[in-house]
Every structure is written in structure tokens, then in C-alpha cells.
Amino acid sequence: MSLMFSLSQEKAPIENLLKQTGDRSYEALMYEKLGQLLLSQQRYTDAVEQFQYFVDNNPMHKWSYLAHTQIIQILLRAQLPSQVLNAKKQYVSRYSVNSDYFKQLDATEQTGLVKQLTGYLDELASYYHAIAQRSKKRQEQLDAYELAVGFYSQFINTAPSDKSVPEKYYL
């Protein structure tokens, strides 16, 4: 089926099929297989679009955060750093430990998500901290520091027992 979907000229071939046939319990698997096929064909933009379509249309699905992780991995592979940055910011916003999404997950799923969140939060905080330190313009510095502080705070809230938390308080 993935091959059939990959040859389609439609933007959302899976969604169009599901509108005709009704929702299926294996919908996430269909998106995953299609995304992986497009990725193997180095159709990065198409793969990202399919995963993003799933995430946007199934925001509370338990596979949503994993699909979003796939988006980030594909953008990294495609060497699109500005899009990676935006995707990580969306990820930490959408799946934060204070979100309704996070609260619906069981403990095992939450643990997996926390691992991803802390990694992305640390990267984002470090990135904006470095931007603030390098910037020569006062307003850019302030804006970057504000973003860095927000990501550091979110990291501390996400993983309060992490061994790097004490140093994050002083950054």
C-alpha cells in the first residue's frame, strides 16, 4: 500500500482513503510505512509532509510524538537546520510535561517522551544561549537569553532529578 500511496499525486492519500473506508486502528502504521518508503527514496519533503499531516490531524494519538521525532530526524538527514530548529521548538511546546498530550500517556510512554524532551530542551537552550553570547546587538542578546532561560526552565521542570539541573539554574 505504501508504494501505491507514494505514487499518488494527492497531498494526503492516506487521509483520503480513510475518508472513504473509515478510520482504521493501524492508521499510524500506514503513515509510518509511507514515511519510511519516501525517506528511502530520499523524498525528504514528501516524508516530512506525511508525518506532519499525521501529527496535525491526530494531535492526541499516542504515536504523534514519535511521528514528530521522525520529522526532526528527516530534517536533520536532509540538512535543513532552520527547519530542524523550528520542529524542535514545536515539539517541546506540543508535548511538554504540562500538556494534555503528556498527561494522557502511561508511565512508560511518559518516560520515553521525557528522554526526547530533555534532549531537545537542552539543545534549544544551549543554542539560544550561544546566540545571545555571540550577538553584538543588545535586543538580539536579550531575546536570545529570554528564549534560553525559558528552555532551561522547561528542562528543569521536565527532569527535576537530572544530574545537570543544578548547573542549569546558574546558566
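Among the listed pairs Lys89/Lys163; Lys33/Lys115; Lys33/Lys103; Lys33/Lys62; Lys88/Lys115, which have their C-alpha atoms separated by more than 19 angstrom in this model? With Cα atoms farther than 19 Å apart: Lys89/Lys163; Lys33/Lys115; Lys33/Lys103.
Counting only Cβ charges, +1 for Lys and Arg and -1 for Asp and Glu, the dipole size of segment 21-171 around its Cα centre is about 420 debye.
With protein chains left intact and a 1.4 Å probe, residues in segment 21-171 average 56 Å² of accessible area per residue. Surface composition of segment 19-147: carbon and sulfur make up 49 percent of the accessible area, probe 1.4 Å. Using 0.36 nm per residue and subtracting the Cα-Cα separation, the extra length available between Glu123 and Gln90 on full extension is 10.5 nm.
Under 1.5 on a/c is rounded, so check that first for segment 30-139, then, if it is not, pick prolate when a/b is larger than b/c and oblate when it is not; a ≥ b ≥ c are the square roots of the alpha carbon gyration tensor eigenvalues.
On the way: a/c = 2.41, a/b = 1.24, b/c = 1.95.
Because a/c hits 1.5 or more and a/b fails to exceed b/c, segment 30-139 counts as oblate.
Taking all protein chains as they are arranged and a probe of 1.4 Å, the heavy atoms of Val97 leave approximately 30 Å² accessible to solvent.
Using 0.36 nm per residue of separation minus the Cα-Cα distance, give me the extension gain between Arg134 and Lys62 in nm, one decimal.
Values: separation 72, 0.36 × 72 = 25.92 nm, distance 3.93 nm.
Fully extending the segment from Arg134 to Lys62 adds 22.0 nm.
The values are calculated or read from the model by the stated rules, or taken from the named source; none is laboratory data. Keep in mind the model is a prediction, meaning the values are calculated, not measured. Cβ coordinates were reconstructed from backbone atoms using ideal geometry, including for glycine residues, and neighbour counts include every protein chain displayed. Accessible surface areas use protein heavy atoms only, side chains included; no ligands, DNA or RNA. Shrake-Rupley method; radii C 1.70, N 1.55, O 1.52, S 1.80 Å.
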